[in-house]
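Note sheet for the following structure.
FYI, it's all coordinate maths here, none of it is from the lab. Predicted model, so just to flag it, every value in this text is computed and none were measured. Backbone-built Cβ (ideal geometry, glycine too); neighbour counts: all protein chains shown.
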Amino acid sequence: MDLSLLIGQAVVNGLVVGLLYLLMAVGFTLVFGVMRIVNFAHAEFYMLGAFVTFLCVTRFELPFLPSVALTFVVAVIIGWVIEWAVLKPFRHDELNGMIATIGLAMILQNGALMLFGPDPQSMPSVATGVLRMGDLLVPNSRVYVVLCSAAVLLAMWLFLRTSRTGRALRAVVQDIEIAQIQGIKAKLIYPLGFGLGVGLAAVAGGLMAPLFSVSPFIGAGPMLKAFIVVILGGLGSIPGAALASLLLGITESVAGTFLSTSTADILIFALVIGMLVVRPSGLLGRPE
Amino acid sequence: MTLLKPVALAATLLAFSSTPFAQETLKIGALVTLSGAGAAWGTGMQHAAELAADDVNAKGGLEVGGKKYKVQVIAYDDKYQANEAVTVANRLVFDDKVKYIIGPVGSAPVLAIQPITEKNQVIVMTLGFTAKALGTDKPYTFRPNVTTAEVAGPQIEWVVKTRNVKRVGALFPNDETGQQIAKDLTAAYGKVGADLAAKEFFERDRVDFVPLITRILAAKVDAIELDGNSPSTAGLITKQARELGFTGTIIRTGGPATQDIVNVAGKQAAEGLLVHTPIDPKLPSTAAYAQAYAAKYKRGMNGFSPAFYDGTHLLFEAMRKAGTVTDTAKVVAELEKIKGHKGALGESSWTGKAAYGVDHQLDAPFYVAEVKDGQEVIRARCTVSGCK
């Protein structure tokens, strides 16, 4: 395999994982933007989404895409209920909200452990074969997942830009008090924002389930990366998260391919620390 | 807190007041990995100890020195981390006062807890693959499973000779276990004229192996070796290598994990995989254990589990012969003497003097199998001296 081919392969691999990080990060940043709490249970919603899709496909024998769509709906409802039942007292209360979500994460992870056991399980690949672009190889399963992730992100972007509810959500993210003066009902926006954030994490889990495996512990890795993306892109900035996700995915993949995966991790953290020193608000974040 | 204290005191008093009339309890610690990628191994070991305890409890308890003991297994999760292992080892040794520990799973955790267990004369039955786990300076540590050091050589020789493997790539976790296995495998492949041409190390929580497999494929290997990886990781590597179009041989010359690999990779990707297996499922004693395991836990056993079932029974046998459950020096002396133990694995004895200076390493038969439609089909029967 020659050098240019290896670089091409690494960039393509990076784009795939970058999109995964982006799906996670958009949900995470949406929850932070609306509620001003760091959702430490985000990883567990990713895991929950993977299990819901897994069950739909393997137990109920539904096709993959309807399973992912169902996962989104189930997750939004769960997120809505959890926000209303558990997190309502912690809106805009960063410290207690964080502790509440840590507790939630433990309940969800141990609940999954009791229900499904610790053994990792596999979902069949959504597509077989390899896409060849010259000598460049991309597994079709990954192409499929990339297209689905891009479609979900586009739909979310359109919803936030063009729909009345989406605009209301963005207004709450920008300034809650002014948004309320304008007649936006915060009691509906909070659970909706949390539900959508949970939904995105769950869809990420569902889409990634055929590429990786499904177990109660799968959320930690993507969550850490989503956290890095959000910091790097600028807390609350969705375009920032998009830029940071692709930057992170490609850096990780290229450095992992040419140096080592440990060096790639060091490089990523060096990048984040450097960013925080030079521009504490992140790539596209607003200075506080 | 103030309310809890009297309640706790009352509970303790009640417990003590009832002891003279109750059967004595013998606590066995299971210090194993119950979460994360190594959980499949850890639960298999915990369940092995519990099943062995059930055996003796069903007969009215373990009879040692004229007393009957009800065996109780206390399990803690070390999360496959050395620092967590130290925390739970302290809890087992000083709070629960155990004298016997099944576990830990990993090499780094066993090396981390040995200063505590050896000093307090606690007998440890570890799975840890590192050569440093056993030695004359560690008289209370035993290993009831065969490791890469015992199985890699004969299996690799068989694979290289019968499957025409010349250049091999391998992925290892970047820790004590992975480094040790990388060394063992490099030597074993070199010895029979093959080359471990590409070696990649990664952190254990990694799930995307495509960059690493890309590097390995760039080295033009004709086989990928999976030894040293957790079952789920090995499954993911298999799946992702096949997705990238790798059609060569995939081998796992150590560490039984076939069912978990098939679960994660799927039957199609795992087809033709050559695997080490320490068990012959057709052996009546192994089949009986597998059946008992499935009946109690409603799932298939991990390949390491029978070794720890045998290991726990070996401990019981040594205690009976020593006539004590508390003087572990005497129990060690009796344990070392056991030969030809008939257990779930078949007939096994202790070995290891040449490699480790002490006979604390189990010597049991092992096999090379090929995965066909998700099931192991045994292709070669092996001992330390070779495979046929």
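Rounded to the nearest 20 debye, what is the charge dipole size of the protein assembly as shown about its Cα centre when +1 sits on each Lys and Arg Cβ and -1 on each Asp and Glu Cβ?
Values: 59 positive and 53 negative charges, 122 e Å.
Approximately 580 debye in magnitude.
Using each residue's phi in segment B:219-224, evaluate 6.51 cos²θ - 1.76 cosθ + 1.60 at θ = phi - 60° and report the 3J(HN,Hα) Karplus result to the nearest Hz, with x for Gly and Pro.
Values, residue by residue: 7, 6, 8, 9, 8, 10 Hz.
Put +1 on the Cβ of every Lys and Arg and -1 on every Asp and Glu Cβ in the protein assembly as shown; which of A:Ser4, A:Pro120, B:Gln46 then has its Cα farthest towards the positive end of the dipole?
Result: A:Pro120.
Give the shape of segment B:297-388 as rounded, prolate or oblate, defined through the alpha-carbon gyration tensor: a ≥ b ≥ c are the square roots of its eigenvalues, a/c under 1.5 means rounded, and otherwise the shape is prolate if a/b is larger than b/c and oblate if not. Could you put the intermediate results ahead of the total?
Numbers: a/c = 3.20, a/b = 1.65, b/c = 1.94.
Since a/c reaches 1.5 but b/c is at least a/b, the shape of segment B:297-388 is classed as oblate.
What residues qualify as long-range amide H neighbours of B:Ile224, i.e. H under 5 Å apart, gap of 5 or more or another chain, H built at 1.01 Å from N?
Excluding prolines and chain starts, which carry no amide H, the hits are B:Gly169, B:Thr249, B:Ile250, B:Ile251.
Taking the protein assembly as shown as a whole, which cysteines find no other cysteine Cβ under 4.7 angstrom from their Cβ?
A:Cys56, A:Cys148
Classify chain B from the C-alpha gyration tensor, please: rounded if a/c falls under 1.5, else prolate or oblate depending on whether a/b exceeds b/c.
Numbers: a/c = 1.98, a/b = 1.74, b/c = 1.13.
Prolate shape, in that a/c is at least 1.5 and a/b is the bigger ratio.
Using +1 on the beta carbon of Lys and Arg, -1 on that of Asp and Glu, and nothing else charged, what's the dipole of chain A about the Cα centre, debye to 20?
Values: 15 positive and 13 negative charges, 156 e Å.
Around 760 debye, computed over chain A.
Kindly put A:Asp135, B:Asp205 in sequence by how many other C-beta atoms sit within 10 Å of each C-beta, fewest to most. Please list the in-between numbers first.
Working: A:Asp135 11, B:Asp205 15.
The fewest-first ordering by Cβ neighbours comes to A:Asp135, B:Asp205.
Counting other C-beta atoms within 10 Å, and keeping those with at most 10, which DSSP coil chymotrypsin sites (Phe, Trp or Tyr not before Pro) do you find in segment A:123-195? Please list the in-between numbers first.
Details: sites: A:Tyr144, A:Trp157, A:Phe159, A:Phe194; in loops: none.
Passing both the DSSP loop test and the Cβ count: no residue.
Test of understanding: what is the full-extension gain from A:Thr58 to A:Arg167, defined as 0.36 nm times their sequence separation minus their Cα-Cα distance?
Working: separation 109, 0.36 × 109 = 39.24 nm, distance 3.78 nm.
Full extension from A:Thr58 to A:Arg167 adds 35.5 nm.
Tell me which residues come under 5 Å, amide H to amide H, from B:Glu347 once H is placed; ignore anything under 5 positions away on its chain.
Long-range HN contacts for B:Glu347: none found.
Would you work out the charge dipole size for chain B about its Cα centre, treating the Cβ of every Lys and Arg as +1 and the Cβ of every Asp and Glu as -1, and quote it to the nearest 20 debye? Mind dumping the intermediate values first?
Details: 44 positive and 40 negative charges, 79 e Å.
Using only the charged Cβ atoms, the result is roughly 380 debye.
Residue-wise, which Karplus ³J(HN,Hα) couplings in Hz belong to segment A:7-14, taking 6.51 cos²θ - 1.76 cosθ + 1.60, θ = phi - 60°, and x for glycine or proline?
So the J values, rounded to whole Hz, are 5, x, 4, 5, 5, 4, 4, x.
FRET efficiency for B:Ala329 and B:Asn83, Cβ-Cβ distance as r, R0 = 41 Å, nearest 0.05?
Values: r = 29 Å, r/R0 = 0.71.
That gives a FRET efficiency of 0.90.
With a ≥ b ≥ c the root eigenvalues of the C-alpha gyration tensor of segment A:28-150, is it rounded (a/c under 1.5), prolate (a/b larger than b/c) or oblate?
Working: a/c = 2.43, a/b = 1.78, b/c = 1.37.
Prolate is the answer for segment A:28-150, as a/c is 1.5 or above and a/b outweighs b/c.
How large is ³J(HN,Hα), in whole Hz, for each residue of segment B:247-258 in order, when computed from phi with the Karplus curve 6.51 cos²θ - 1.76 cosθ + 1.60 and θ = phi - 60°, using x for Gly and Pro?
10, x, 6, 10, 10, 10, 8, x, x, x, 7, 4
Could I have the simple spin-label model distance between B:Leu283 and A:Asn110, label points 7 Å from Cα toward Cβ, reported in nm to one decimal?
3.9
Rank the residues B:Thr253, B:Thr147, A:Thr263, B:Thr130 as a footprinting-exposure proxy: fewest other Cβ atoms within 10 Å of their Cβ go first.
Result, fewest neighbours first: A:Thr263, B:Thr130, B:Thr147, B:Thr253.
Below 8 Å between Cα atoms, with a sequence gap of 6+, how large is the relative contact order for chain B in percent?
Details: 803 pairs, mean separation 62.8, N = 388.
Relative contact order, chain B: 16 percent.
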